[in-house]
Structures are given as C-alpha cells and as structure tokens.
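Written below as structure tokens is the structure these notes are about.
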Amino acid sequence: MLTRLLSGDGPRSLPLALILLAIFLCLALAPFLFPGTRSVDTAARICVFILLVASYDLTLGYAGIVSFAHTMFFGMGAYGVALASTHLGRGFDALVLGTLAGALAAAVFALLIGLFSLRVRAIFFAMITLAVASAVAVLVSQLSGLTGGEDGLNYQIPRALTAAQKYLDEPVLGVRINGKLLNYYLVFAASTALFLVLLRIVNSPFGRVLQAIRENDFRAEAIGYRVVYYRTIATCVSAVAAALAGSLYAIWLRYVGPDTTLSFEIMVDILLMVVIGGMGTMYGAVIGATLFILAQNYLQGLMGAAAAGLEGVPLLPGLLDPDRWLLWLGVLFVLSVYFFPTGIAGRLRGE
Amino acid sequence: MTASLLQTRDLAVRFGGHVAVDHVTCDFRAGELTAIVGPNGAGKTTYFNLISGQVPASAGKVLLKGREVTRLPVAERTRRGIGRAFQLTNLFPGLSVFENVRLVIQARCHRGFDLFSMAMSHAEISEAAQEILARVRLWDLSGQPVSELSHGNQRKLEVAMLIALDPKVYMFDEPTAGMSVDEAPVVLDLIAGLKDDVTRTILLVEHKMDVIRTLADRIIVLHNGTLAADGPPAEVMASDVVQEAYMGKALEDV
Ligand SMILES: Nc1ncnc2c1ncn2[C@@H]1O[C@H](COP(=O)(O)OP(=O)(O)O)[C@@H](O)[C@H]1O
Ligand SMILES: [Mg+2]
C-alpha cells in the first residue's frame, strides 16, 4: 500500500526516511505543534514550495531541461485565482475556475514554448524561457488596471476558508477550529496529493523515458522515442503542477503580487532548493524546500539574537547582522554543493 | 529472389566540399546478411547514419519495404523497423544495464506515453528485458550502472539493445571492435542466430575477414563513399581491386 503510494520509489535510506517522516508529521500537525500565525504561515509556504520545487525537479532533475519560466507558471496559477476572485466575486466557484484557467494557461504556454524551442539546443530553450518569463513579468507590472501592477491584488476568499468562520466553539488542544485551519489542511492535502502524483509520473514508463533523454537524448531517439514530444509533455506537466502550487499559494495568502509569485528571486530560490535537496530524487524537493524556507524565515532572527549576544566581540556581530543572512545562505549553498554534489537526498542515499 | 526490404537510391551526403557517401544505390533483401567493408573513412558509418536518419541525406532516397523514409525523423524510422547499433558505444550511462534494455522493450511496446502506471509493474516488459540480458550473458550485471561496465560488456550491451528492439533491418557497426578474443564470439554467435529469421535483413560493418567469410551472404565494398564492389563473398574477395586495395590491409588487422 505504502509502496504503491510512493510508486515503488521509497527513500531507500533510513536517515532519509526518518527525515522525510519527521517533515511530513510536522507539516501534518503544524497547527497543533506550532500554533501561531507566523509558524502556520511558514508551514503552508513549505507545503506550496515542496510542490513547486518537485515540479521543477521533474524537468531539471529527471528530464535535464533547464527552464527559467517556472515562476511564470507558478504566477499563472496564482493570478488565475486572484483574477477570478476579483472579478467573479468571492466564492469556491471563483477558486476552482481560477485554478483551472491558470493551469490551462500554463499548459498552453509550456506547449508553445516547448514545441517552438525544445527541438533546438538546450541553451536556446533556457534563453527562450527566460525571455518569455521576463516579458510576462513586465506585462503583469505594466497592466496595472488588470493585475494591480507592482502592488498586486488583494481579494476575498470564501468565508469557509477564513478565520471568521468558526467550526467549533471550543478550541481543541488550544487551537481554534476555524476556516483558517481548514485552509491550511486544504493546502497541505492538495500539496501532498500532487507531490505523490509527481512521484508517480517520474516512476512511470514516461518518467523513465525522461531519464533516458537526460542521459543520452541521441540514443533515446534512436530506440524510437520522439525526444521533442517527451520534453514538451514534461514541460507541460511541470508547468501545470507549478500553476496548481500557485493557486494554492494564492488561496492561502489572499494576495498576489509580482514579488510573491513572479519575481526572478523566487526562480533563484527554486533552483537553490532543488540543488540543495538533490536533483532527480523528488524527495530532495521536500528537504530543500523545508530547509530553505526555515532558513529564510528564521535565520535572520537567529542571527539577530546571535549578533546581540556577541555584542562587544570585534567583527562577529557585524558578520552576524541580520541583513547579512543572504550572504550566509550563499555560504551554506556553496558548502552544500561542494560537500553534497548529489544534494542532501542523494548523499543520504549514499550516491 | 525475395523482395528488397531496404533500398537506397542514389543516396548521398556531402559535408562541406567532401562527399562522404556518393550516390549509393543498393538493395538489401530479407534473410540476407550483408557485410560492408572498406577502409577507415570510406563512409560506412555515414551510410548507416543516412539509412537510420541521424544524418539527413543531401540527395537520394531510402526505402523501407518500398516506402520512402528519407525525410522521416530517426525515431519514426526506428518504429518502422530500422534498428541501429553504434560503432562508438552509445548507452544511457547513469542507468542500470537492466534499465537500458528495458527502455528499448518499452519503446517497442509503445508504452512511453503512459504517465500514471509504475514502470516496474509491466511484467511482460521486464521479463523480455531479463530474457535478452540472459541471451547476451549480462544478466548477472543487470543492476550495475552502465558507466561501471568494462568496454567489452558495454559493446555487448550495445548489441543487446539492438536485438531487444527486434527490428526488420539490423545495422551493426563494428560490433566486436575492441572486444577480447573470448568476448567477440558471444556477440558473433548472437548475430549468427539472428539469421534464422528470414524476414529480416542484417547489415554488418566488419573488418575481420574470417568473420565475414563465415557469416556473410554478400559483401559490398565502399571506397571514398562510392559502391566499389557488390557480390557473393568469394567473388568479391577474389576480385583484383578488392584484393589489392582493402583485403590485404584488412587481413593485416586480424
Ligand atoms: N558529421 C560529419 N561532419 C563532417 N564530416 C564527417 C561527418 N561524419 C563523417 N564525416 C567524414 O566522412 C567520412 C566518412 O566517415 P565514416 O562514415 O565515419 O567512415 P567509416 O565508418 O567508413 O570509417 C570521413 O572522412 C569523415 O571524416
Ligand atoms: Mg565507422
């Protein structure tokens, strides 16, 4: 049963299995283990980014396709929900419609970019994705009448998913059972289910062809696989999954803007997460996203505390200034790539 | 005489000013093993590339069972039955030996666009792959990554992948090159075994004359991209031009 759920591709390493189990349990019980708006918010972001990074791993790690348009697809899902909720009014129909429209737009863009540029050299595809993603980002900030421009869009989601809706009068284990909690479990359940779907896809006959193409596209073609079609479908699947992650994010945040979904910084974050976690493993996405977002959220605080504690010591407080957190993240990244070239998941599997 | 399975008509390709294959017209009949000989650089590999599609032809046609395939992409020609093993080993290095063969069988079964089943749950594909690995005596290495195999075993796997493809036209490009004396016979026996099926045709680029003598039904000679001789082995080997130009040299290689 568990084997089928994991598509026969388990962690294959006890430490990896334990870490994954710990992350899963923490996320599943986050509202109860870590009550508080900020920590539940972090948990929801981790869920969304696990899905987003896993969908990127499908193309980068399994098919060997380098794309810089992943945040564009993520943004399409998010803006789909935002625009539908703004124009159709608050409601589940707007959420569903916006999600579907975002996923469809992502699929169509991926199909066009793929068919147009995947038959040529890999570097050309990477450049095209960069160009299209930049153009879309500019367009979104320019069309402020429609998209809210740089300010983004605030909108309302169904009351059933907000803190205003109470489901029980009494808190359970100190946690209020309200729409916000339901919203968290919507994000958690959808991310988990979609992650398992992606895990199935990379272990399907199709997923094996992607790996063959990554290893040797020339030979893959020679044994009868039309490489361009496989690459295009992989790009579409990955784009749809990213768009769905974006929709979940938009439902959770009740806000979208270029900075939360479309920015190039997020694209870089995704790359870092997939590389730190381990490419071509799917589980790497879980570890990479969790570590990265925790670091992003709490490293600054920790550093601030450390800097304050070390006051008076020369040099160190300056180095530990919270504004330098990105520097330390960079150092961590270089060290992890140097010591774990196959990522944390690859390393734990002894590869 | 049986009908031609594969034909090339004035097939030619030029790289810059150099004509690597120069209007070669040749028929390959079912049930026949044709040895292709010629010195290095004669255009043998390029002729294969034109037939299987890795190199687009500058002129001429390739016909499979009478239908033109000259403009079809590589994968489509493969699906129609033109199978190819490569002179320079050309495998999926990071994947296991088993997976390399399994992928070929999966391609042959047209399963590649199945996204939602588990690859390993298709028992018929896995069994067929195991069977091929047993035939080439690689089954004890089936879990190893290909990048860790010896050169000889990589060559064997190269041949195994073509056999797994089960094509109408087999093209072997120097399959035993660089193999040790005890490994080569395994591969040659496999190729000899393929001759039992008279609905296929086999093209074999090979330098060793003793091998050609025992296996080939026919020899064609390529020289500077042109078809220099074509006929039964004894006849071609005896011909003056071939004796002087190639056989003397080729025999020294043995
Ligand atoms: N892609 C290519 N570009 C340019 N020249 C090539 C290419 N492929 C082969 N050639 C040239 O074509 C000639 C025939 O090569 P090849 O077919 O490999 O010979 P053979 O297999 O008989 O040893 C050689 O002179 C080679 O340098
Ligand atoms: Mg050659």
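Yes/no matrix, rows are residues, columns are (1) within 14 Å of ligand 2 (Cβ to nearest atom); (2) surrounded by fewer than 22 Cβ atoms within 10 Å (Cβ to Cβ); (3) within 14 Å of chain A (Cβ to nearest Cβ); (4) touching a residue at least 12 places away in the same chain (Cβ under 8 Å):
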| position | (1), (2), (3), (4) |
| --- | --- |
| B:L11 | no, no, no, yes |
| B:D22 | no, yes, no, yes |
| B:D27 | no, yes, no, yes |
| B:E32 | no, yes, no, yes |
| B:G38 | yes, no, no, yes |
| B:G43 | yes, no, no, yes |
| B:F48 | yes, no, yes, yes |
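Quick one: would you say B:E76 is surrounded by fewer than 22 Cβ atoms within 10 Å (Cβ to Cβ), more than 11 Å from every other protein chain (Cβ to nearest Cβ) and among the charged types (D, E, K, R)? The answer is no for B:E76. If the condition is being charged (D, E, K, R) and part of a helix (DSSP H, G or I), then region B:124-162 contributes B:E124, B:E127, B:E131, B:R135, B:D140, B:E148, B:R155, B:K156, B:E158. For region B:170-187, filtered to residues that are under 12 Å from the mean Cα position of the chain (by Cα) and either modelled with pLDDT under 90 or aromatic (F, W, Y) (or both), the residue that is farthest from ligand 1 (Cβ to nearest atom) is B:Y170.
Here are some residues: A:L118, A:L194, A:L199. Which one is crowded, with 19+ Cβ neighbours inside 10 Å, within 22 Å of A:I251 (Cβ to Cβ), touching a residue at least 40 places away in the same chain (Cβ under 8 Å) and not β-branched (V, I, T)? Among A:L118, A:L194, A:L199, only A:L194 is crowded, with 19+ Cβ neighbours inside 10 Å, within 22 Å of A:I251 (Cβ to Cβ), touching a residue at least 40 places away in the same chain (Cβ under 8 Å) and not β-branched (V, I, T). Restricting attention to region B:34-43 and to residues that are out of contact with any Cys (no Cβ under 9 Å at 6 or more places or on another chain) and closer than 27 Å to B:A192 by Cβ, the residue that is farthest from ligand 1 (Cβ to nearest atom) turns out to be B:A35. Summed over region B:148-163, residues that are of a type in the set (G, A, S) and either outside the structural domain of B:N100 (by TED's automatic domain parsing) or touching a strand residue (DSSP E or B) at 6+ places or on another chain (Cβ under 6 Å) (or both) total 0. Regarding region B:84-103, can at least one residue be identified that is buried (at least 21 other Cβ atoms within 10 Å of the Cβ), polar (S, T, N, Q) and either more than 16 Å from ligand 1 (Cβ to nearest atom) or outside the structural domain of B:R200 (by TED's automatic domain parsing) (or both)? Yes, region B:84-103 contains a residue that is buried (at least 21 other Cβ atoms within 10 Å of the Cβ), polar (S, T, N, Q) and either more than 16 Å from ligand 1 (Cβ to nearest atom) or outside the structural domain of B:R200 (by TED's automatic domain parsing) (or both).
Here B:K195 does not fit the description of being farther than 22 Å from A:N216 by Cβ and either within 16 Å of ligand 2 (Cβ to nearest atom) or at pLDDT 95 or above (or both). If only one of A:R254, A:R226, A:R231 is in contact (Cβ under 8 Å) with a residue 12 or more places away in the chain and surrounded by fewer than 22 Cβ atoms within 10 Å (Cβ to Cβ), which one is it? Criteria check complete, one pass: A:R254. When restricted to residues that are assigned to a helix (DSSP H, G or I) and within 14 Å of chain B (Cβ to nearest Cβ), region A:218-269 contains 19. Examine region A:85-95 for a residue that is under 20 Å from the mean Cα position of the chain (by Cα), surrounded by 17 or more Cβ atoms within 10 Å (Cβ to Cβ), part of a helix (DSSP H, G or I) and modelled with pLDDT of 95 or more, and state whether such a residue exists. Yes; the residues of region A:85-95 include at least one that is under 20 Å from the mean Cα position of the chain (by Cα), surrounded by 17 or more Cβ atoms within 10 Å (Cβ to Cβ), part of a helix (DSSP H, G or I) and modelled with pLDDT of 95 or more. Within region B:85-123, the set of residues being part of a helix (DSSP H, G or I), more than 7 Å from chain A (Cβ to nearest Cβ) and of a type in the set (G, A, S) comprises B:S121, B:A123. For region A:66-84, which residues satisfy the criterion of being part of a loop (DSSP other than H, G, I, E, B) and surrounded by 24 or more Cβ atoms within 10 Å (Cβ to Cβ)? Of everything in region A:66-84, those that are part of a loop (DSSP other than H, G, I, E, B) and surrounded by 24 or more Cβ atoms within 10 Å (Cβ to Cβ) turn out to be A:S67, A:A69.
Across region A:193-217, the qualifying residues are those that are closer than 28 Å to B:V159 by Cβ and of a type in the set (K, R), and the one among them that is farthest from the other protein chains (Cβ to nearest Cβ) is A:R214. Is it the case that region B:44-60 has a residue that's in the same structural domain as B:R213 (by TED's automatic domain parsing), more than 16 Å from ligand 1 (Cβ to nearest atom) and within 19 Å of B:L5 (Cα to Cα)? No, region B:44-60 contains no residue that is in the same structural domain as B:R213 (by TED's automatic domain parsing), more than 16 Å from ligand 1 (Cβ to nearest atom) and within 19 Å of B:L5 (Cα to Cα).
The values are calculated or read from the model by the stated rules, or taken from the named source; none is laboratory data. Quick caveat: nothing in here was measured; it's all calculated off a predicted structure. No Cβ is skipped: glycine too gets one built from the backbone with ideal geometry, and neighbour counts run over all protein chains shown.
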